[in-house]
1. Any residue that is assigned to a strand (DSSP E or B) and farther than 30 Å from Pro14 by Cα - is there at least one of those in region 56-63?
2. Looking only at region 1-16, count how many residues are surrounded by fewer than 12 Cβ atoms within 10 Å (Cβ to Cβ), touching a residue at least 24 places away in the same chain (Cβ under 8 Å) and hydrophobic (A, V, I, L, M, F, W, C).
3. Looking at (1) surrounded by fewer than 10 Cβ atoms within 10 Å (Cβ to Cβ); (2) over 30 Å from His3 (Cα atoms), which one does Gln85 not meet, given that it meets all the others?
4. If I go through region 1-55 residue by residue, how many of them are of a type in the set (A, V, I, L, M, F, W, C), part of a loop (DSSP other than H, G, I, E, B) and modelled with pLDDT of 90 or more?
5. Arg76 is checked against (1) surrounded by fewer than 10 Cβ atoms within 10 Å (Cβ to Cβ); (2) free of Cβ contacts under 8 Å to residues at least 12 places away in the same chain; (3) closer than 24 Å to Ile13 by Cα and fails just one. What number does that condition carry?
6. How about region 17-54: which of its residues are closer than 20 Å to Ile2 by Cβ, more than 25 Å from the chain's Cα centre (by Cα) and surrounded by 10 or more Cβ atoms within 10 Å (Cβ to Cβ)?
Amino acid sequence: MIHENKEYLQSVIPILAAFLLSTLQLTLHPNKIYLQHYSKGVKYLGAVIKPHRIYVANRTKGNYHNAIEKQNQIARDHKPTKEEQHALVFRHYETLQNVQTEKRNGKCQVSQGYCVTTHRLS
């Protein structure tokens with residue numbers, strides 16, 4: 001909450017705590033409430049909002065870099081087998097073969113280059 005009067009903010013804390021408890025069954029931890037000047041910014045959803053500027057929070061940036069590094073490590077460690085490579089390259093051909101079989105068997109009609117069927121291809 002942002003307000004120009006510090007005393008007003010301090011007077012609102014018990015009201016907010018009562019609302020959170022009665023409506024959401026949440027308790028407001030007394031040691032985790034702090035008041036600071038707005039120019040230092042407000043942390044909100046992984047960002048620090050300052051007047052005329054929004055920054056990515058350091059923790060968010062660090063978590064992002066850790067996630068990218070983790071994915072890069074997985075990619076470096078995993079060498080797909082020849083069978084896995086073939087499965088990735090040729091997996092769409094199975095669907096193509098099913099459509100061609102359906103056309104040959106007269107179970108679908110070709111409309112503007114697409115095979116229209118009334119049942120699921122297997």
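1. There is at least one residue in region 56-63 that is assigned to a strand (DSSP E or B) and farther than 30 Å from Pro14 by Cα.
2. Residues meeting the conditions: 1.
3. The number of the failed condition is (1).
4. Final tally of qualifying residues: 1.
5. With (1) surrounded by fewer than 10 Cβ atoms within 10 Å (Cβ to Cβ); (2) free of Cβ contacts under 8 Å to residues at least 12 places away in the same chain; (3) closer than 24 Å to Ile13 by Cα applied to Arg76, the lone miss is (3).
6. Ala17, Phe19, Leu20, Leu28, Ile33, Leu35, Tyr38
The values are calculated or read from the model by the stated rules, or taken from the named source; none is laboratory data. Because the structure is predicted, anything quoted here is derived from the model rather than measured. All Cβ positions, glycine included, derive from the backbone under ideal geometry; neighbour counts span all protein chains shown.
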